[in-house]
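What follows is a single structure, written as C-alpha cells, with notes after it.
The values are calculated or read from the model by the stated rules, or taken from the named source; none is laboratory data. Remember, predicted model here, so these are calculated numbers, not experimental data. When we count neighbours, we look across all protein chains shown, and the Cβ atoms used for this are built from the backbone with ideal geometry, even at glycine. SASA here: full protein model, heavy atoms, side chains in, ligands and nucleic acids out. Shrake-Rupley method; radii C 1.70, N 1.55, O 1.52, S 1.80 Å.
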Amino acid sequence: MSEISSPRIVIVGAGPAGIRAAATLIEAGLHPVVIDEAQRAGGQIYRRAPAGFARTHEQLYGSEAAKARALHALFDRLAEEGRLTHCAPSSVIAVREGRLHVLGEGGVQVIGYDRLILATGASDRVAPVSGWQNAGVYSLGAAQIALKAQGVALGRRIVLIRSGPLLTLVGAQLVKAGTHVAAVLDTSPWRQQLRGFWGLAARPVVALRGLVLRARLGGRYHAGVTLERIEADETGVAALRWRDAGGREHLTPCDMIGMGWHLRAETHLADLVGCAFTRDEQWRQWLPKTDRMGRAGNGVYLAGDGVRLLGADGAEIAGRLAAAACLSDLGRPAPCASADLRRLARFERFASGLARAFPWPSQMVLTLPDEAIVCRCENVTAGAVREGADFGGGEANRVKSLSRVGMGRCQGRYCQLAAVELVAAQAGCTPEAVGRFRGQAPVRPAPIGAFLQKG
C-alpha cells in the first residue's frame, strides 16, 4: 500500500457538484485532487460514452446537451492545464483520521486531506416487488447508463416501473432509440401528482419539459398502477402482473424490467467521516446534516445529491457553495453566495413538489408477502425481516445481524429503506425510531490483493 503526500483539499466525485467545486477552488488559486470512479468526468447524469462513440451530445443528453458539453469541457481544460489532479478510475473505499483509502487500477493508495468535499451523488431508490430478484430486473439508472455509455438497451421488450421524473425520461429515451417499450407504469395516481403542482411550478420550464416527454410515451404510460408480481421462467423475466387505476388486471410479457422510485442519496462516506444524520420524512431516508453552504463539520463539506436531492442543476450550485464555504473557512476570499442560495431555495421548492407528487410506495412495501425477497444480495425475505424485528426489538442493526438484510455487497443501498419500513411496522414504531444501518468499510467491494504489500 503506497502513500502520497497530503493535499490540502480533496473532492470525491466528478459530477456536476464536484466539477463546480473544483473550478471554484482553482479560481481562488488552489490545486484540488478530484477522485472519481469513472474514467472521464461527468457523473451519472452527464456520463460520457467511450472514446470514438458515434452518438452526439444532443443524442445522449437531449435538452441538457449544452450543460453537459460545458461541464465536460471545463473539467478537461482544467485537467489538461495541470490545475487539478484527477484520480480516475478510483473509488474511496475507506476513511480514517483524515486519510482516504483509494482503490484504483494500481491497487490501494492512501491520500491525506486537510479539507474534504464529498460530492458522491445518488443512485436509484428501489422498492422490492415480488419476483424482482430474477435475471432481467435492473434499476432505471442502469438502463440509462447502458443506453448512454454503450448505446444499447438491456432488453428486447421492456417494461418500466417507478414513480418520478426518471421514469418518464428513460422511457422517452428508450422509445427515441427505437426500443420496444411495452409499458411505462407509474405507482403514483394522477390526483397525487397534482398535489405537487405548486412546488413543481418553481421551475416551470423543467416541469413543462417533463410533460412533453410524457406525451411522447402515449398509451404506454399508466398512472396509479398496483404492482403485483414479476413472473419469470428459466431464462429470467417473462412478464409483469399489475393492476391499472381501475383495478383491472394485466399481464404484460417482457424480458427486461427497469425499476426505481426517484433517488437515494449516497451517504456511506459521509457516515465514515462522522457526519450527523437526520431522518427526512419527505424523502423517506436518512440524510447528512449540513448548514446551507454544505458544512458538515471537522473540515468536511457535502454537495449535490449526496446531501440534497436537487438534480444536476442544484448540484452545480451546491458544489460552488461548498467550495465557497471551504475557502471562507481557510481564511481565503470566497465568492458571494447570496445569489446561489436564492436559486437553491427555488430548487428545493421544486424538489419538495417532486417528493409530494411521486412518493415512496410505503403501502406497497408494507403489504409484501413473507416469501418476497427484500435483500437480493443475501436472499433475505420479508418474512425473515419481520421475524428479525420480533427478536431484535425494532432496531435496524440488530435486525441486520439477525436476518443478514443489508449485509451483501451493496451494503443496504437497495434494501435498507424497505427493510426499515418493514421493521417499523412489525415493531409498532416509526422508521426514525428504527434507525439506519451503520456504514462500514470498504464501502465498495474490493479484492483482498489490493490491500497486500507488494514485495
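Stretching Glu387 away from Ala28 to a fully extended chain increases their span by 123.7 nm, per 0.36 nm per residue minus the current alpha-carbon distance.
Sites counted here are GluC sites (Glu not before Pro) in a DSSP loop (not H, G, I, E or B) having no more than 14 other Cβ atoms within 10 Å; the longest part of the chain that contains none of them is 106-233. With θ taken as phi - 60° and the Karplus curve 6.51 cos²θ - 1.76 cosθ + 1.60 applied, the whole-hertz 3J(HN,Hα) list for segment 288-296 is x, 8, 9, 7, 5, 8, x, 5, 10 Hz, x standing for glycine and proline. Please state the relative contact order of segment 322-396 as a whole percent: Cα pairs under 8 Å, 6+ residues apart? Taking the mean separation of contacting Cα pairs over the length of segment 322-396, I get 13 percent.
Over the chain, what is the relative contact order in percent, taking alpha-carbon pairs closer than 8 angstrom and at least six residues apart? If you can, show how the numbers build up before the last one.
On the way: 966 pairs, mean separation 83.3, N = 455.
Relative contact order here is 18 percent.
Relative contact order for segment 298-342: 30 percent, from Cα pairs under 8 Å spaced at least 6 residues apart, divided by residue count.
Using only Cα atoms, figure out Rg for segment 151-266 and give it as a multiple of 2.2 N^0.38 Å. Walk me through the numbers before you get to the answer.
Numbers: Rg = 14.6 Å, N = 116, 2.2 N^0.38 = 13.4 Å.
Normalised by 2.2 N^0.38 Å, the Cα Rg of segment 151-266 equals 1.09.
When +1 charges are put on Lys and Arg Cβ atoms and -1 charges on Asp and Glu Cβ atoms, the dipole computed for the chain relative to its Cα centre reaches about 1000 debye.
In this structure the chain gives 43 Å² per residue of accessible area when probed at 1.4 Å with all protein chains present.
Calculated from the alpha-carbon coordinates, segment 93-237 shows an Rg and a Dmax of 19.5, 55 Å respectively. Placing a label point 7 Å from the Cα of His250 along the Cα-to-Cβ line, the residues of segment 214-239 whose backbone N sits under 16 Å from it are 214-231, 239.
In order along segment 391-396, the phi-based Karplus estimate (6.51 cos²θ - 1.76 cosθ + 1.60, θ = phi - 60°) of 3J(HN,Hα) comes to 8, x, x, x, 10, 3 Hz; Gly and Pro are listed as x. Near Leu240, the amide H atoms lying under 5 Å from its own belong to Glu231, Thr252, Cys254; only residues 5 or more places off or on other chains count, and H is placed 1.01 Å from N. Sorted largest first, the spans of the alpha carbon positions of the chain along the three principal axes are 63, 50, 46 Å.
Report the calculated FRET efficiency for Arg195 and Phe53 (r = Cβ-Cβ distance, R0 = 35 Å), to the nearest 0.05.
The pair Arg195/Phe53 has a calculated efficiency of 0.30.
Using amide H atoms built in the peptide plane, which far-off residues or other-chain residues are under 5 Å from Ser90 H to H? HN-HN under 5 Å from Ser90: Asp36, Glu37, Ala38. Normalised by residue number, the volume inside the convex hull of the Cα atoms of segment 263-409 is 122 Å³ per residue. Hey, any idea what % of the chain's accessible area is carbon plus sulfur with a 1.4 Å probe? Carbon-and-sulfur percentage of accessible area, whole number: 51.
Legend: Rg and Dmax of segment 368-434, from Cα coordinates, 10.1, 29 Å. Beta bridges assigned by DSSP with both partners in segment 126-261 are antiparallel in approximately 45 percent of cases. For segment 273-352, trypsin sites (Lys or Arg not before Pro) meeting the loop criterion (DSSP other than H, G, I, E, B) and having at most 15 other Cβ atoms within 10 Å: Lys289, Arg292. For segment 86-95, 3J(HN,Hα) computed residue by residue from phi via the Karplus equation (6.51, -1.76, 1.60; θ = phi - 60°) reads 9, 9, 7, x, 9, 10, 7, 10, 7, 9 Hz, glycine and proline entered as x. Classify segment 342-455 from the C-alpha gyration tensor, please: rounded if a/c falls under 1.5, else prolate or oblate depending on whether a/b exceeds b/c. Taking the square roots of the gyration eigenvalues as a ≥ b ≥ c, segment 342-455 is oblate.
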